[in-house]
1. With a 10 Å Cβ neighbour count serving as the proxy for reagent exposure, in which order, fewest first, do 358, 121, 198, 265 appear?
2. Select from 370, 265, 292 the residue farthest towards the positive end of the dipole of the chain; place +1 on Cβ of Lys and Arg, -1 on Cβ of Asp and Glu, and compute about the Cα centre.
3. Hey, rough spin-label estimate for residue 267 and residue 207, points 7 angstrom out along Cα→Cβ, what's it come to in nanometres?
4. Taking the Cα centre of the chain as origin, sum charge times position over the Cβ atoms of Lys and Arg (+1) and Asp and Glu (-1), and report the length of that vector in debye to the nearest 20.
5. How large is the charge dipole for the range 298-384, taken about the Cα centre, if only the Cβ atoms of Lys, Arg (+1) and Asp, Glu (-1) carry charge, to the nearest 20 debye?
6. Can you show me the helix-derived [θ] at 222 nm for the chain, built from DSSP H runs with n ≥ 4 at -39,500 (n - 2.57) apiece and divided by the number of residues, rounded to the nearest 500.
7. Around residue 134, under 9 Å between beta carbons, what's the net of Lys plus Arg minus Asp minus Glu among the other residues?
8. What number, in percent, do you get for the relative contact order of the range 122-389 if the mean sequence gap of Cα pairs under 8 Å and at least 6 apart is divided by its residue count?
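What follows is calculated from the coordinates using simple rules that are stated; it is not laboratory data. Model, not experiment: these values are computed from the prediction. Positions of Cβ are backbone-derived with ideal geometry, glycine not excepted, and every protein chain shown enters the neighbour counts.
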Amino acid sequence: MAGQLRSETGEILFRHVHVAVGRGLVVAAFAVVVWALYLDVAIRHDPISVDFHTYLAAAQVGLQQGWSHIYDQGLVTIQQDRLAPGERLQPFISPPTVAFVVAPLAQLPFQTAYVIWAVLTFAAFAVAMALSGISRGLSRWVAVVGALAPWWIMHAVNVGQVVPLVAAGMVVGWRLLRDRRDVLAGVAFASLLLKPNTAMLVPIALLFAARYRALAAWAATATAVTAVIAAVLGPAGVSAYVHQMLGPWPSGADNVTLHGALDATGTFAALLRVLIVAAVMAAALRLRESPGMVIPLAIVGSLLVSPYLHGADLCLLAAAGWMIWEERPTIPWRALLAAGWLLSSPFLYLKGDSPHLTQWPWLEIVIFAALLLAAVGPLTAWADSRRRATA
């Protein structure tokens, strides 16, 4: 009897020690990611507001000369000079939706408008993750702050990129899809219309995952937005946008692509993209009972097949990694994601030791391969998202 009592006491003590150690590790992890985020915010060398500068200039052209002229780069350049003399000039090649979104800020002083935009985009991504997470307690905030800490998040905010809003929409759509609220999820996924090349395979993944209501809601939203764009821009504006998309891209726009990583061009690049899209289709079909894994699969696949990306667009990779972190709380996945976080952290970036832009697609390839393995199911520890989500 005494021996049994000692055994039970030992087990209780072990459990208490185990819980205490676990909480200590979570607290330590939280301190590390908070410090990383502080460094990322406090020490930056980006060309501040350069992308927002271009967005707002296009919106000014639309409001003053008519929306059919927002791809008249001469007029955009004039507005850029008026908004912020001496700021870097670049053409407006974003979708019309971006100019529409920033238009309400056009009447404000440029610096005021930029600060509002930067705060809103960062807050949208942060709040989306905070409200959409499935973990509880301090670990929930470790995931959120950790996803905000990679250098490319603050880079996107500093230059005034629209891509954090796309990432926020993907995160909200992910949670809604996971909760079987497919219509609302489809509407949230329409955020990709702000920058389609960063998440273009999401609708295809919804199709092969048999989430038809979400796909229909996305298609209806996209159709309505496209109709509004066509009506506002008119035939001349639509033609100018199409012509802009067919023209040469800015220098360095293919660094974070298969071309940058593998020097893939021509038939070789086309074949790789076909294989990646086919893999997304097949894996989405296999993961149709695990909607929480379908969206990160589609996002990583989109980043791999896109022929045009910048460093800020890796915000979508952070969003995909956060989704996987929440969906699969297993040691193999967390180890892989933690390694990716370390490589992207400001601890390395500020020392100049972070991987070059052309090397980031290799991390995407590794994560994509792991997602495909999870889909085919040979690694049982990584399979069955519903069971793992309750861990």
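1. Result, fewest neighbours first: 265, 358, 121, 198.
2. 292
3. For the pair residue 267/residue 207, the computed spacing is 2.7 nm.
4. Dipole magnitude for the chain comes out near 1160 debye.
5. Magnitude of the dipole: close to 140 debye.
6. Result for the chain: -23000 deg cm²/dmol, rounded to the nearest 500.
7. +2
8. 25 percent
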